[in-house]
Amino acid sequence: MSKTAIPVVETDILILGAGGAGLCAALRAADSGKKLKILIVTKAIIGKGGCSRMVQGGYNVVLNPADSFEKHFIDTLKGGQFINNQDLAWELVTVAPARVKEMETKYGCFFDRNPDGTIHQKPFAGQSFDRTVHKGDLTGIEIVSRLAEQVFNRDIEYLDEHRAVELLFDPEGTRIVGALLIDIGRGDFIIAHARATLVCTGGGPTMYKLFAPSLDKSADGIALLYRAGAEMIDMEMVQFHPTGLIVPGSNTSGTLLEEGLRGAGAQLFNALGERFMERYAPNEKERATRDVVSRCSFMEIMAGRGTSHGGVFIDASVMGPEFVMKNFPGMVERCRDYGFDLPHERVEVSPTAHYFMGGAFIDPACRTDLEGLYAAGEDSGGVHGSNRLGGNGIADSTVFGGIAGDFMANDVIGRQRFPFDAQQVERIIRDIQSPLGREGIDLYPLRTQLRLSNWERLGIIRSEAGLKEGLQLIRELSDKTHQVGIEGTTAYNIPWNDWMNLRNMLDVSELIGRSALERRESRGAHYRSDFPKKNNREYLKNFFIKRKNGEIHLYERPVVFNRLKPEEINFE
Ligand SMILES: Cc1cc2nc3c(=O)[nH]c(=O)nc-3n(C[C@H](O)[C@H](O)[C@H](O)COP(=O)(O)OP(=O)(O)OC[C@H]3O[C@@H](n4cnc5c(N)ncnc54)[C@H](O)[C@@H]3O)c2cc1C
């Protein structure tokens with residue numbers, strides 16, 4: 001089949017990513033009773049990487065009879081400012097209860113209880129009912145650890161510390177038949193040849209100065225999906241969380257201080273000691289939504305009223321040190337690790353890039369518009385519209401990951417095994433090996449430039465002029481990646497991996513910028529200083545991107561209001 005000397009791993013189902021989405025997909029496919037070969041690939045170590053493991057707050061799900069699917073659905077649409085794909089949002093809310101039950105009764109997760117034995121559900125921003133299931137403030141560790149154990153107990157193969165580099169086509173160029181992988185440690189290439197391929201590498205807007213996602217993420221899946229030609233949706237929608245910890249000189253800057261602090265009464269101050277939220281949102285103050293607080297903090301910083309490290313202060317001590325220690329032990333410990341005393345002193349924070357609402361456009365079976373290719377979790381888009389509610393992220397990845405597992409298991413039965421295009425493999429390898437041994441420029445200043453520029457131009461506050469400048473720089477930096485020189489071989493070569501990461505970040509930055517330019521209004525996470533108002537008359541629509549002949553094609557479609565019309569509820 002192949003003229004290349006690269007080892008080929010044959011599988012029925014290939015799963016790229018081992019977060020909530022990847023693990024649930026593998027388990028559901030393995031339990032389908034269809035005796036399929038399943039291969040999980042993760043850039044990290046199974047059960048240890050990605051953001052599902054970092055989930056602190058919890059999982060939104062309707063369990064209480066006084067709650068309803070309709071309420072959760074409306075909350076999700078209000079949060080997303082009505083540009084959500086309604087079929088996907090409905091799927092999310094209606095499948096989540098079964099998934100939580102499955103995680104407890106079949107996979108062994110155990111969530112916090114009420115005295116009567118029912119699952120405890122706590123309040124979270126933007127919810128009309130307290131529906132967030134949690135395990136203390138370490139919910140993600142509980143979920144991912146138990147799911148990983150279940151994977152180890154089944155006939156599921158996995159490759160740790162292997163990265164997917166590109167999706168592979170058949171020789172006709174019409175079907176996805178797997179992916180080219182690199183064994184990060186040994187530096188060997190591997191072809192994963194599959195009948196169905198799921199991309200669920202967890203998005204991750206790590207192309208900004210400050211970001212919250214895990215360091216193994218560089219928007220790889222989104223870049224792979226886009227480059228393969230899958231239809232992408234809502235790429236302008238990037239969520240920023242208001243309170244990323246500032247740790248001067250450390251890569252961990254941007255890591256989250258959880259939203260519950262502001263909810264419970266912590267206050268924000270600028271460097272002049274002003275409680276600035278009183279000015280911007282006199283009623284809600286720090287309890288305003290994520291996007292509003294992030295924007296206000298950013299405006300203070302940009303106006304020169306930020307701290308010397310480019311942040312603002314959060315003051316939790318106003319709630320009383322005892323209260324903080326009792327209710328936020330995880331946050332207290334996190335701050336203590338870096339030498340900050342959260343219960344007693346003000347701590348420097350900044351908005352931090354958190355989550356992609358955009359990604360591959362999927363149908364409710366997680367199929368993309370390319371044959372053989374599926375997407376789930378943060379690599380897919382449309383569920384959350386212009387803003388994701390806290391607690392809907394891990395619900396999304398486990399719900400849709402499981403659905404993808406179900407459908408792939410069905411779809412591969414009887415599906416022909418198409419060959420891969422060996423010439424494509426050779427082209428990719430030639431391309432990605434090009435910087436090795438080349439005398440060239442340094443990679444890291446390019447990455448720093450991208451992150452700083454995106455922060456100011458493609459970030460929390462955008463304008464036509466800024467976006468155009470940002471896009472121009474992205475194109476220049478993309479050209480310069482061809483001049484980068486990297487020493488060493490393919491084996492455990494961190495700079496080489498960072499170069500591949502940077503290329504993916506650049507591609508995805510371009511998608512963000514291009515979509516943001518088209519949305520000449522402000523909605524949810526997307527704020528245009530030149531169009532500061534929401535414009536429902538013209539912009540209840542989604543922007544789509546598709547790559548054709550190497551070029552970006554951008555087009556729009558109106559939102560389909562097949563379940564709820566905007567005029568039926570007040571979503572202002
Ligand atoms: C600090 C933090 C706190 C959060 N708290 C909450 C919360 O309380 N509630 C909530 O609902 N959501 C929360 N979220 C969001 C939530 O974590 C995500 O929505 C969700 O976990 C994404 O799941 P996923 O399966 O898509 O990706 P992930 O769980 O991120 O998994 C991605 C996987 O892909 C792998 N990978 C990446 N690139 C490659 C590659 N090239 N090749 C192979 N593998 C690759 C990674 O190693 C990892 O295994 C939080 C996010 C962060 C960062």
(request) Would you point out the residue of the range 548-564, among those that are at pLDDT 95 or above and assigned to a loop (DSSP other than H, G, I, E, B), that is nearest to the chain's Cα centre (by Cα)? (result) V559
(request) Identify, from the list G381, G402, the residue that is more than 26 Å from E142 (Cβ to Cβ), within 12 Å of the ligand (Cβ to nearest atom) and not polar (S, T, N, Q). (result) G381
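Looking only at residues that are assigned to a helix (DSSP H, G or I) and of a type in the set (S, T, N, Q) in the range 369-399, which one is nearest to R290 (Cα to Cα)? Full working, then the answer.
At the first step, the residues of the range 369-399 found to be assigned to a helix (DSSP H, G or I) are 377-379, 392-399.
Then keep just the ones that are of a type in the set (S, T, N, Q); that gives 392, 397-398.
Details: N392: 14, S397: 21, T398: 23 Å.
Among those that are assigned to a helix (DSSP H, G or I) and of a type in the set (S, T, N, Q), it is N392.
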(request) Six or more apart or on different chains, Cβ under 8 Å: which pairs go from a residue in the range 22-42 that's under 16 Å from A376 (Cβ atoms) to one that's assigned to a loop (DSSP other than H, G, I, E, B) and of a type in the set (F, W, Y)? Could you list them? (result) L27/Y107
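Applying the selection to the range 175-184, what residues are of a type outside the set (A, V, I, L, M, F, W, C) and within 14 Å of the ligand (Cβ to nearest atom)? I'd like the intermediate steps shown before the answer.
First pass over the range 175-184, keeping only residues of a type outside the set (A, V, I, L, M, F, W, C): 175, 178, 183.
Across the range 175-184, the qualifying residues are G178, D183.
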(message) Here is a list: T94, T76. Which entry is assigned to a helix (DSSP H, G or I), surrounded by fewer than 16 Cβ atoms within 10 Å (Cβ to Cβ) and either away from the ligand (no atom under 13 Å from the Cβ) or not basic (K, R) (or both)?
(response) T94
(message) Can you list the helices (runs of 4 or more DSSP H) lying wholly within the range 400-497 that have 2 or more residues being basic (K, R) and surrounded by fewer than 17 Cβ atoms within 10 Å (Cβ to Cβ)?
(response) 422-433, 464-480
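Residue-wise test of (1) at pLDDT 95 or above; (2) in a loop (DSSP other than H, G, I, E, B); (3) closer than 30 Å to K548 by Cα; (4) touching a Phe, Trp or Tyr at 6+ places or on another chain (Cβ under 7 Å).
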| position | (1), (2), (3), (4) |
| --- | --- |
| Y107 | yes, yes, no, no |
| G126 | no, yes, no, no |
| G136 | no, yes, no, no |
| I141 | yes, no, no, no |
| E149 | yes, no, no, no |
| A164 | yes, no, yes, no |
| G178 | yes, no, yes, yes |
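I need the helices (runs of 4 or more DSSP H) fully contained in the range 194-291, keeping only those with at least 3 residues that are away from the ligand (no atom under 16 Å from the Cβ). Before you say what the answer is, go through the steps one by one.
Values: elements: 220-228, 260-264, 277-280.
Passing ranges, in order: 277-280.
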(message) Going by what's in this entry, would A365 be described as among the aliphatic types (A, V, I, L, M) and outside any helix (DSSP H, G or I)?
(response) yes
(request) Could you figure out which of (1) exposed (fewer than 15 other Cβ atoms within 10 Å of the Cβ); (2) touching a residue at least 24 places away in the same chain (Cβ under 8 Å); (3) among the small types (G, A, S) isn't true of G550? (result) (2)
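Go through A395, A365, A376, A316 for me and flag whichever is under 18 Å from T255 (Cβ atoms), at pLDDT 95 or above and among the small types (G, A, S).
Details: A395 fails: under 18 Å from T255 (Cβ atoms); A365 fails: under 18 Å from T255 (Cβ atoms); A376 fails: under 18 Å from T255 (Cβ atoms).
Matching residue, one of A395, A365, A376, A316: A316.
The values are calculated or read from the model by the stated rules, or taken from the named source; none is laboratory data. Given the structure is predicted, the values throughout are model-derived calculations rather than measurements. Please note: Cβ atoms are built from the backbone with ideal geometry, for glycine as well, and neighbour counts cover all protein chains shown.
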